[in-house]
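S.K.: Just passing along the structure, written as structure tokens.
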Amino acid sequence: MEQVSIANSKIHVINPGHIDLGLDFSYVLDLIGLWNTTRLFDSLEMSGIVCPLVAVDTDLSTRKGSLKLIDGFKRLEWARQKDLEKIPVATVHMTNMDLLVFFLSKYAPMLKSCVSKALFLRFLLKVGANRQAVVDKAMKSLGLQAHKGLLEKYLRIAQLPERFLAFCHKKDFSLKRCLNFTYQPRALLERIMDLEGQISLSASLLQEVCDSISEIIRRKEIDVEEFFQLDEIKGIIDSDLECSYKTGLLRQAIRRLRYPAVTRIQKELCDIEKQYLASLPFKVKWDETLENRKLIITASIKQIDEFSRLRASFSSPEAKEGIKRLLSYF
Amino acid sequence: MKFKSVTVDPHVAEPSVLKHFPYYSLSSQSPKFSDYRQGKRHLFVAPKKGELFHICASLDTRYICCSTHVISHISNCPFECTYCFLQNYLTDTTLTVVADTEAIMREICYKTALQPWRLFRIGTWELGDSLAVEPLNKFAVDLVRRFRDLDNCLLKLRTKGDAVEPLLDVEHGGKTVVSWTVNPPEIIKREEIGTAGLEKRIQAMKKVAGAGYPVGLHFDPMIMFSGWEAAYKRLVEAIFSAIDPEDVIWISIGSLRFNPEMKKKIENNYPSSRITAQEMILGDDNKFRYPRPLREEMYRLLLSFLEEVGADQCFTYLCMERWNVWERVFGRCPSSIGHLDYLMAQTVYERFPQSVFQKPQKAFYMALTY
Ligand code: SF4
């Protein structure tokens with residue numbers, strides 16, 4: 001069970017409805033689905049509220065007469081669900097700095113993901129903590145470099161849509177990865193979350209898909225929903241295909257839309273390879289960006305007589321024609 | 001262009017510049033701005049510190065580069081092109097102009113004297129536009145005058161503006177090329193914010209050509225958009241209905257390119273710009289470009305338009321492209337960067353003999369290493 005011991009507190013018994021959640025970070029985590037209450041609720045069913053909740057009466061409090069909860073969010077939730085009329089609440093007076101220290105000691109050690117750190121930093125500023133103190137103290141407590149620019153990056157991440165934040169937290173995406181998503185259209189990130197469960201969204205795939213779709217929608221001057229209604233996209237998403245197969249198809253379809261010229265030429269090159277080179281005992285690769293005129297030919301042999309066959313295959317008319325045709329594209 | 005502030009370093013060697021500004025403050029510290037766009041509105045006039053003359057920083061041996069030299073005495077630019085690399089390059093964002101022609105010339109003379117056989121093409125546009133800081137175009141004029149007497153150097157002014165009046169009466173001796181970056185009006189309007197419109201640029205070209213300056217044209221960056229083909233055709237026709245290909249010393253062609261960080265900067269700084277939304281491929285040089293076949297198509301088409309107006313007599317080259325692209329576009333390719341340097345000197349010698357002091361010696365250029 002969570003516990004905090006705070007000196008100079010007074011215990012009151014009050015109605016759960018009279019408690020304000022604006023100062024409780026657990027509430028923020030709960031809002032985006034990052035707070036699991038099941039186990040605690042089970043134990044509360046057994047023993048009831050043993051330890052008083054803690055609320056603050058500070059210079060941060062703007063609404064006179066309301067108590068702002070700083071510890072005991074899960075217990076409060078439980079009490080509200082149970083329609084309890086009275087719960088024990090310890091009230092304390094704290095300065096902004098006391099509060100900051102309190103929050104840091106309570107939350108910083110347990111915040112590991114980039115998203116939870118981002119939300120926490122935003123929370124601290126929102127409840128009135130001094131920006132410089134957040135840089136100097138909070139960032140350090142979170143194991144981050146105390147740097148204003150870095151704080152701005154975390155704050156940018158905290159602006160991502162809530163469902164998307166929860167996803168990034170679950171997947172434990174890095175700062176760099178999360179930051180990249182902040183450049184994507186919000187509507188796209190929200191819409192992509194609808195696909196969770198239907199396609200396998202690894203970090204790199206999510207990045208690739210988002211980059212591609214946002215580029216396509218800007219190029220075609222359509223909105224996110226119009227993109228998902230494109231025949232070649234809708235057909236795949238609405239299909240009953242198995243998740244990984246569907247993911248592969250979707251990825252290919254998006255690539256075709258993003259790189260129409262390159263995919264067309266790649267197909268022509270593959271067709272040449274199939275037509276002329278597929279039956280020969282070597283493999284031919286080309287620069288898929290199409291920039292460099294360079295073919296890489298590889299072969300593996302185990303016996304010396306295979307070498308003579310390999311040599312002969314190089315001078316075969318199909319090999320010459322195939323390679324000539326491939327090179328003509330570069 | 002009105003500046004929000006003008007700061008002059010008390011150590012500037014040419015205090016006469018002060019008369020161009022009704023208000024300025026004196027300080028050896030330039031004002032600092034984190035946003036490069038803010039820095040465009042604040043001018044700092046600085047003394048020369050360190051070396052300013054060097055080979056173009058974009059030179060890359062993977063490409064056939066034109067190996068131009070530059071004087072980086074201007075940093076940042078009052079214009080605002082959405083594709084400008086400065087947004088991802090400048091750390092000190094204040095628009096800074098070094099006001100010390102004497103010291104700059106000393107450095108140029110010293111360094112160019114080390115290769116007296118070579119024709120140095122020297123630009124002033126590496127980190128800004130050569131003629132956009134109008135109150136200080138006096139420095140461009142001073143350079144034009146001084147280059148007249150430099151045997152083995154050609155000054156290259158390059159602009160998207162039209163502020164050429166101060167150049168018109170200057171004795172330039174054919175040793176300065178005034179160049180324009182050109183794009184169709186659709187692109188100028190959307191992506192080259194604050195620059196002179198196409199018609200104004202063309203009028204300015206006419207004026208400098210009339211004053212005997214060789215004119216340079218840079219179709220770079222060519223940008224793809226719906227209807228680009230017809231737009232570039234109209235562009236070529238508009239330019240060459242006003243100026244004679246005889247007056248054009250060279251034409252460069254290149255396409256839009258930027259690195260991934262720049263892409264993010266562009267999208268962040270100019271959310272309504274669509275230039276990053278086209279099909280682009282990240283090459284092994286960490287630059288996004290249109291896929292090579294599309295670039296080649298753009299270049300070939302532009303060449304055909306140039307041919308139609310008789311501008312194929314002008315020396316035309318590609319900027320930051322590999323040898324295979326040269327071959328596929330022109331059917332030939334210089335064998336090295338030094339070879340291209342030679343070909344450019346040669347074309348100047350043949351078409352603008354007053355601009356060059358002697359016949360270039362191919363062997364010297366071919367022996368250059370980068
Ligand atoms: S004119 Fe050149 S330097 Fe100026 S903003 Fe445009 S690209 Fe940048």
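S.K.: Residues being open to solvent by 60 Å² or more (accessible area, probe 1.4 Å) and within 14 Å of chain B (Cβ to nearest Cβ): count how many of those fall in the range A:234-259. Walk me through how you get there before you give the answer.
M.R.: Taking the range A:234-259 as the starting set, the residues that turn out to be open to solvent by 60 Å² or more (accessible area, probe 1.4 Å) are A:234, A:238, A:240-242, A:244-245, A:251-252, A:255-256.
Now restrict to residues that are within 14 Å of chain B (Cβ to nearest Cβ): A:255-256.
Number satisfying all stated conditions: 2.
S.K.: What number goes with the only condition from (1) over 26 Å from residue A:220 (Cβ atoms); (2) within 22 Å of the chain's Cα centre (by Cα); (3) within 14 Å of chain A (Cβ to nearest Cβ) that residue B:355 does not pass?
M.R.: The one condition residue B:355 does not meet is (3).
S.K.: Out of B:100, B:142, B:92, which single residue is away from chain A (no Cβ under 14 Å), over 30 Å from residue B:235 (Cβ atoms), within 16 Å of the ligand (Cβ to nearest atom) and of a type outside the set (A, V, I, L, M)?
M.R.: Values: B:100 fails: within 16 Å of the ligand (Cβ to nearest atom); B:142 fails: within 16 Å of the ligand (Cβ to nearest atom).
Only one candidate qualifies: B:92.
S.K.: Which of the residues that make up the range A:266-297 are among the β-branched types (Val, Ile, Thr) and surrounded by fewer than 18 Cβ atoms within 10 Å (Cβ to Cβ)?
M.R.: Taking the range A:266-297 and keeping what is among the β-branched types (Val, Ile, Thr), we get A:272, A:284, A:289, A:296-297.
Of everything in the range A:266-297, those that are among the β-branched types (Val, Ile, Thr) and surrounded by fewer than 18 Cβ atoms within 10 Å (Cβ to Cβ) turn out to be A:289, A:296, A:297.
S.K.: Are any residues in the range A:71-122 of a type in the set (Val, Ile, Thr), open to solvent by less than 20 Å² (accessible area, probe 1.4 Å) and within 29 Å of the chain's Cα centre (by Cα), and if so, which ones?
M.R.: Listed by number, the list holds a single entry, A:115.
S.K.: Right, next: Being among the β-branched types (Val, Ile, Thr), closer than 25 Å to residue B:352 by Cβ and within 14 Å of the ligand (Cβ to nearest atom) is the filter here, so list the residues in the range B:179-209 that pass it.
M.R.: Our first condition is that a residue be among the β-branched types (Val, Ile, Thr); within the range B:179-209, this holds for B:181-182, B:187-188, B:193, B:195, B:202, B:208.
In the following step, the residues that additionally are closer than 25 Å to residue B:352 by Cβ were identified as B:181-182, B:202, B:208.
Scanning the range B:179-209 gives B:181, B:182.
S.K.: Out of B:66, B:81, I need the residue that is touching a residue at least 12 places away in the same chain (Cβ under 8 Å) and within 16 Å of the ligand (Cβ to nearest atom). Which one?
M.R.: Numbers: B:66 fails: within 16 Å of the ligand (Cβ to nearest atom).
Every option except B:81 fails the conditions.
S.K.: Looking only at the range A:94-146, which residues are of a type in the set (Asp, Glu) and more than 25 Å from residue A:67 (Cβ to Cβ)?
M.R.: Here is the first cut: in the range A:94-146, the residues of a type in the set (Asp, Glu) are A:98, A:136.
Within the range A:94-146, just A:136 meets the criteria.
S.K.: If you go through the range A:149-169, how many residues are part of a helix (DSSP H, G or I) and under 17 Å from residue A:120 (Cβ atoms)? Quick ask: steps written out before the conclusion?
M.R.: Pass one, the range A:149-169, residues part of a helix (DSSP H, G or I): A:149-158, A:162-169.
Still in the running and under 17 Å from residue A:120 (Cβ atoms): A:150-158, A:162, A:165-166, A:168-169.
Total satisfying the criteria: 14.
S.K.: Scanning the range B:268-282 for residues that are in contact (Cβ under 8 Å) with a residue 40 or more places away in the chain and part of a helix (DSSP H, G or I), which turns out farthest from the other protein chains (Cβ to nearest Cβ)?
M.R.: Ranking the qualifying residues of the range B:268-282, first place goes to B:269.
Table: residues versus (1) facing chain A (nearest Cβ under 9 Å); (2) assigned to a helix (DSSP H, G or I); (3) aromatic (Phe, Trp, Tyr).
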| position | (1), (2), (3) |
| --- | --- |
| B:266 | no, yes, no |
| B:284 | yes, no, no |
| B:297 | no, yes, no |
| B:306 | no, yes, no |
| B:320 | no, no, no |
| B:324 | yes, yes, no |
| B:343 | no, yes, no |
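S.K.: Look through B:155, B:150, B:119 and report the one residue that is away from the ligand (no atom under 16 Å from the Cβ), touching a residue at least 60 places away in the same chain (Cβ under 8 Å) and over 21 Å from residue B:191 (Cα atoms). Steps first, answer last, please.
M.R.: On the way: B:155 fails: touching a residue at least 60 places away in the same chain (Cβ under 8 Å); B:150 fails: touching a residue at least 60 places away in the same chain (Cβ under 8 Å).
Testing whether each residue is away from the ligand (no atom under 16 Å from the Cβ), touching a residue at least 60 places away in the same chain (Cβ under 8 Å) and over 21 Å from residue B:191 (Cα atoms) leaves just B:119.
S.K.: Residues A:259, A:276, A:245: which one is among the aromatic types (Phe, Trp, Tyr) and within 24 Å of residue B:292 (Cα to Cα)?
M.R.: Working: A:276 fails: within 24 Å of residue B:292 (Cα to Cα); A:245 fails: within 24 Å of residue B:292 (Cα to Cα).
Result: A:259 is the single residue among A:259, A:276, A:245 that is among the aromatic types (Phe, Trp, Tyr) and within 24 Å of residue B:292 (Cα to Cα).
S.K.: Oh, and also: Looking at the range B:178-209 only, could you name the residues that are without any contact (Cβ under 8 Å) to a residue 24 or more places away in the chain and either of a type in the set (Gly, Ala, Ser) or in contact with a strand residue (DSSP E or B) (Cβ under 7 Å, 6 or more places away or on another chain) (or both)?
M.R.: B:197
S.K.: Quick one: what pairs do we get from the range A:148-172, first residue within 17 Å of residue A:192 (Cα to Cα), second acidic (Asp, Glu), C-beta under 6 Å, 6+ apart or different chains?
M.R.: Here the result reads A:161/A:190, each pair linking the range A:148-172 to a residue that is acidic (Asp, Glu).
The values are calculated or read from the model by the stated rules, or taken from the named source; none is laboratory data. Values in this document were obtained by computation on a predicted structure and should not be read as measured data. Here the Cβ is made from the backbone with ideal geometry for all residues, glycine too, and neighbour counts use every protein chain on show. All accessible areas refer to the heavy atoms of the entire protein, side chains included, with ligands and DNA or RNA removed. Shrake-Rupley method; radii C 1.70, N 1.55, O 1.52, S 1.80 Å.
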